[in-house]
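All remarks here apply to the structure that follows.
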Amino acid sequence: MSEKVRADITEALHRYCRGIDRMDADLIRSVYHSDGYDDHGDVFRGSVEDYITWVLNVLAERFDSTMHTLTNITIEQDGGVAHVESYLIAYHVTKGGGSLKVFGARYVDRFEDRPGAGWRIAHRTLVSEWQTEQTGFVATPPGTAPAARDRTDPSYRRD
């Protein structure tokens, strides 16, 4: 597998995490093929457009902030298809800062390289490993730059 293929797929995975954490539908959409399918188990299974609507509603209703991080990205390419497994640690601050939920999971993805679109997710399965919950933490330390879950976040500035 070429370094370009590895870089394109890894960049798409990182773009997905940023899209989820910033609640940026366009960024999330850019990672999937238009006919992509997402399987989050019994809580959601369906098209990428339905997934985006569902996940953004869940994030807005239940959490003040999230941070998704990836490790151990394994890519096995077979022509225009790549089977990708990414380890995930996701941090979710519940509404009102009551607790921090931390999830360990894996994304098991089938990426496809399609003309005009490049490497994108055709099918994703979320495989849950574990979850823990913590209380009594500081959600945003005083004096730090505040995060935003939209395009007003400092990461979108280009000045």
Next on the checklist: Please count how many residues of segment 74-106 are among the aliphatic types (A, V, I, L, M) and surrounded by fewer than 16 Cβ atoms within 10 Å (Cβ to Cβ).
Outcome noted: 3
Checklist entry - Given G41, G19, G46, which one is more than 15 Å from I121 (Cβ to Cβ) and either open to solvent by less than 30 Å² (accessible area, probe 1.4 Å) or small (G, A, S) (or both)? => result G41
Next on the checklist: Could you check segment 61-73 and list, in sequence order, the residues that are surrounded by 15 or more Cβ atoms within 10 Å (Cβ to Cβ) and farther than 20 Å from A148 by Cβ?
Outcome noted: L70, I73
Item to check | Number of the exception - S34 against (1) under 16 Å from H123 (Cα atoms); (2) under 16 Å from the mean Cα position of the chain (by Cα); (3) open to solvent by 40 Å² or more (accessible area, probe 1.4 Å); (4) among the polar types (S, T, N, Q) | outcome: (2)
Checklist outcome for this item: Those residues of segment 107-159 which are open to solvent by 80 Å² or more (accessible area, probe 1.4 Å), among the polar types (S, T, N, Q) and either at pLDDT 95 or above or out of contact with any strand residue (DSSP E or B) (no Cβ under 6 Å at 6 or more places or on another chain) (or both) amount to S128, Q131, T135, T140, T152
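The values are calculated or read from the model by the stated rules, or taken from the named source; none is laboratory data. On a predicted model such as this, the values are computed, not experimentally measured, just so you know. Because the Cβ atoms are built from the backbone with ideal geometry, glycine has one as well, and the counts that use them run over all protein chains shown. Just the protein is used for accessible areas: all its heavy atoms, side chains included, with ligands, DNA and RNA removed. Shrake-Rupley method; radii C 1.70, N 1.55, O 1.52, S 1.80 Å.
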